[in-house]
Amino acid sequence: MSKTVKKILEIHDLKREFQVGSETVRALKGVSFDVNAGEFVTIMGSSGSGKTTLLNILGCLDKPTDGTYLLDNVDIKKLSRDELATLRNHKIGFVFQAYNLLPRTSALENVELPLLYNKDVGTAERRERAMHALEAVRLADRQDHTPNQLSGGQQQRVAIARALVNEPVMILADEATGNLDTRTSYEIMSLMQELNQTQGKTIVFVTHEPDIASFSSRTIMLRDGRVQKDINIEKKRSAKEALAGLPTTDDY
């Protein structure tokens with residue numbers, strides 16, 4: 001008997017329209033795709049493709065004008081603003097291009113942040129889970145460092161640890177390597193592949209960089225508010241191998 005694959009995202013005929021003055025802008029024109037548990041998907045598209053609008057809906061920061069979006073079997077269209085915020089906090093781990101860390105706060109305290117909104121988690125458990133998340137990104141020895149004492153790559157690792165701490169059903173990354181050089185980008189992608197392959201994390205990674213997309217197992221290409229291509233990558237690249245193939249430098 002075949003095992004039922006759990007769907008984390010189910011998106012059907014998603015549309016999003018905005019009123020700009022007297023004009024209606026159709027940012028999404030009927031987008032449909034599913035993401036199964038344990039998939040590593042990249043979403044690509046040039047400026048104006050609808051990528052940012054889709055990201056905001058996937059992250060429960062916005063609702064579609066029409067169509068359905070189920071996140072872990074929950075229909076987001078039926079939720080109030082408060083319910084959306086709770087769902088976002090429990091189900092999604094965000095990783096941003098700009099890291100979004102609190103500047104005067106230690107790595108450990110930055111990772112603890114999402115758990116402050118979780119009434120079921122006490123102080124001791126919060127600290128323990130944050131340490132565990134820092135260990136997962138190999139930064140436990142930097143727990144007391146503030147962001148300005150960390151390199152860009154280390155700051156992004158703290159951000160990834162923060163995304164993991166609530167044990168979300170999906171990690172949603174927005175151009176998470178956009179501010180990083182090639183070597184550090186590949187280090188972050190190596191970590192993402194590891195989280196996906198060894199811990200089974202479902203990752204949706206928005207990027208405009210084809211070399212970053214080549215590390216995922218599937219790429220969805222948006223164009224003019226529609227899915228132009230949805231490609232399974234048969235031979236995805238290993239970020240660890242790509243990293244080993246880069247010229248060595250002394251500056252990292």
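Computed from the coordinates by the stated procedures, all read-outs in this text should not be read as laboratory data. All of these numbers come straight from a predicted model, not from anything done at the bench. Cβ: placed from backbone, ideal geometry, glycine included. Neighbour counts: every protein chain shown.
Have a look at ALA176, ALA124, ALA242 and tell me which one the Gaussian network model of the chain (Cα, springs below 10 Å) gives the largest fluctuation.
ALA124
Take the alpha-carbon positions of the chain, form their convex hull, and give its projected area averaged over all directions (one quarter of the hull surface) in nm².
15.8
Pick out, from ILE160, SER214, ALA244, the residue whose Cα sits farthest towards the positive end of the charge dipole of the chain, with +1 on the Cβ of Lys and Arg and -1 on the Cβ of Asp and Glu.
Looking along the dipole axis, the top candidate is SER214.
Kindly work out what percent of the DSSP beta bridges joining two residues of the chain are antiparallel, to the nearest 5.
Roughly 60 percent of the DSSP beta bridges within the chain come out antiparallel.
Exceeding 30 Å between C-alpha atoms, which entries from my cross-link table qualify? They are LYS77/LYS235; LYS51/LYS91; LYS7/LYS236; LYS78/LYS119; LYS77/LYS240; LYS7/LYS29.
The answer is LYS77/LYS235; LYS77/LYS240.
Of GLY48, MET192, LEU84, whose Cα points farthest to the positive end of the dipole of the stretch 7-244 (charges on the beta-carbon: +1 Lys, Arg; -1 Asp, Glu; origin at the Cα centre)?
Among GLY48, MET192, LEU84, the one farthest towards the positive end of the dipole of the stretch 7-244 is GLY48.
How much mean residue ellipticity at 222 nm does the chain get from its helices, if each DSSP H run of length 4 or more adds -39500 (n - 2.57) and you divide by all residues, to the nearest 500 deg cm²/dmol?
It comes out at -9000 deg cm²/dmol, rounded to the nearest 500.
Compute, for the stretch 7-244, the length of the dipole vector about the Cα centre, with Cβ point charges of +1 (Lys, Arg) and -1 (Asp, Glu) only. Units Debye, rounded to 20.
Charge dipole, the stretch 7-244, about its Cα centre: 220 debye, nearest 20.
Can you compute the equivalent ellipsoid semi-axes for the stretch 120-252, i.e. the square root of 5 times each eigenvalue of the Cα gyration tensor, sorted largest first and rounded to whole Å?
Equivalent ellipsoid of the stretch 120-252: 27, 20, 13 Å, largest first.
Would you please give the residues with an amide H less than 5 Å from that of ASP34, counting only those at least 5 places away or on a separate chain, with H modeled from the backbone geometry?
Here the answer is ILE11, since their amide H atoms fall under 5 Å of that of ASP34.
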